[in-house]
Amino acid sequence: MIEIRNLAGPFVNYLDKRLLKIACKSLMWKRTFYRLANLHLSGTIIGSCPSHVLHHILSRVPSIEELDLSRNGIRHLDRTTFEATPDLKFLRLKYNRLTMIQPGLLKPLINLRVLDLASNQLKTFDRTEIMNLKDFRSIFLLDNTFECDCKLRKLRNWLIELASHGIKRYYHLDFWAAAIHNKTTFKLVCASPRRLSGVPVADFHLNSIECDNHKDIIISLSTLCVAVIIMAIGRIVAKNRWSMFYWWMVKVNPILPKRLRQTTINPSDDLKFDGFLSHSMEDLQFVYLDFIPEIEKSKHFASRFCVEFRDFTLGGYIQQNIADAVYGSRWVVFLLTESFVKEKWTEFVISMAATRCVEEGNNIILVLDIDHIPESRMPESLRTIISNIVYMKYPRDHKARSTFWKKVRLTLIGKQKKFIQPANMFRSNR
């Protein structure tokens, strides 16, 4: 047997870190004691040493059966602390500062018989830590600061069950056996809350505290519901973001104070139209029935577009009419269809609009792809600048067309983006 007591003595209060480190190293042995059965380390400074010191000590005494670590001020024990001592039968941890027993701490001690946890600061104790130990006989839990709340309910019920059905149903626990023999209540008492202080653990009533049997379930379900609601809101916002932004711009933005409004670039005084619509004459039905009602006659969107069959000067040169429309409008909108690609003036209108983009440094071109023309079949002048302009595909699904027109309106009232001239912009078709 090795016995070390009061190693720190009265000097523990003023040992500096250096001396403490040296003292901790003095507890670590290089030799392994294979036949050592009893090890008493009460009243040492091991509680102030790093956790690996105790691990090292126990690894040097693999066959010990009795270990005394009382009066060391130990606050915490890792669940791997006793992995090297499976033969341990008597473990004394009284007069320390343990607040809890780590789950799985006693699992390696398959031969443990006596566990002394008296005079610690335990708030609760889980009986499952000792229920699976086949040779276990005694446990001492007196003089702990038990917190009589819902977490202590299992220990309370266990004490009552032991008192009602007799100790032999489980184990011959010396502490409880003596209590029952003397026909007294168990001496474990509550330390908190204050109104239950001093009340025996086995006697406090659950109705005196607020215990929610389904607290964890309710918390989990609440968290799940909040997550589902957030995901649902996110999906709705993602699906209707353009409608929401459109509602903000046409209804809320105008009534805000001027300093809070989302600024847009208004047409200059010398611009006659909000936009110039360039289209094929074969697409007049789409212009009449879809574009003009959605853009010019919309309830919340008042705009004036230059349309060839309606606003071009009769008898004037087509080139001059196109130039006046391109330079007299804030936007140039192209209806990209199969017939528009074949028009002979298509390249001219696109090139003139692109030239204005370069001159002003802003993009003024909006392409509405009605027939979903592949990029390889687009006019070459449009393919060159397609990455620098606003390009939208007309949806085939009728339900999505309302959102499409809202995007178009927001683009027309929004701020024009900077136009970066491509290197091959004015390259000849040949």
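General observations
- The HN-Hα couplings worked out from phi for region 30-46 by the Karplus form 6.51 cos²θ - 1.76 cosθ + 1.60 (θ = phi - 60°) are 8, 8, 9, 9, 6, 9, 6, 9, 10, 9, 10, 10, 7, x, 9, 9, 5 Hz, whole numbers, x standing for Gly and Pro.
- Here the Karplus curve 6.51 cos²θ - 1.76 cosθ + 1.60, taken at θ = phi - 60°, turns the phi angles of region 397-406 into couplings of 7, 4, 5, 8, 6, 4, 5, 4, 5, 5 Hz, with x standing for Gly and Pro.
- All Cα-Cα separations within region 277-351 were binned at 10 Å from zero, giving a P(r) of 18, 52, 29, 2, each value a whole percent of the pairs.
- Taking all protein chains as shown and a probe of 1.4 angstrom, LYS406 keeps an accessible surface of around 40 Å².
- Amide H to amide H, with H built 1.01 Å from N, ASP369 comes under 5 Å of LEU336, MET392, LYS393, TYR394, counting only residues 5 or more places away or on other chains.
- Surface listing: THR124, THR337, THR411, THR223 arranged by accessible area from highest to lowest gives THR223, THR124, THR411, THR337, probe 1.4 Å.
- Which of HIS372, HIS76 is most accessible, then next, and so on - probe 1.4 Å: HIS76, HIS372
- Semi-axis lengths (Å, descending) of the ellipsoid that matches the C-alpha gyration tensor of region 12-161: 27, 20, 11
- Charged neighbours of THR145, selected by a Cβ distance under 15 Å, balance to +4 (K, R count +1; D, E count -1).
- Counting protein heavy atoms only, region 281-343 has 51 percent of its accessible area on carbon and sulfur, 1.4 angstrom probe.
- A 1.4 Å probe run over the protein chains yields, for region 326-430, 50 Å² of accessible area per residue, whole-number rounding.
- Annotation: amide H-H contacts under 5 Å for CYS190 (H modelled 1.01 Å from N, sequence separation of 5 or more, or interchain): GLY198, VAL199, VAL201.
- Environment charge at CYS306 (Cβ cut-off 10 Å; Lys +1, Arg +1, Asp -1, Glu -1): -1
- Share of pairwise Cα separations in region 272-429, more than 26 Å, in percent: 21
The values are calculated or read from the model by the stated rules, or taken from the named source; none is laboratory data. Since we're looking at a predicted model, the values are computed, not measured. Virtual Cβ from ideal backbone geometry, glycine too; neighbours counted across all protein chains shown. For accessibility, only protein heavy atoms count, side chains too; no ligands or nucleic acids. Shrake-Rupley method; radii C 1.70, N 1.55, O 1.52, S 1.80 Å.
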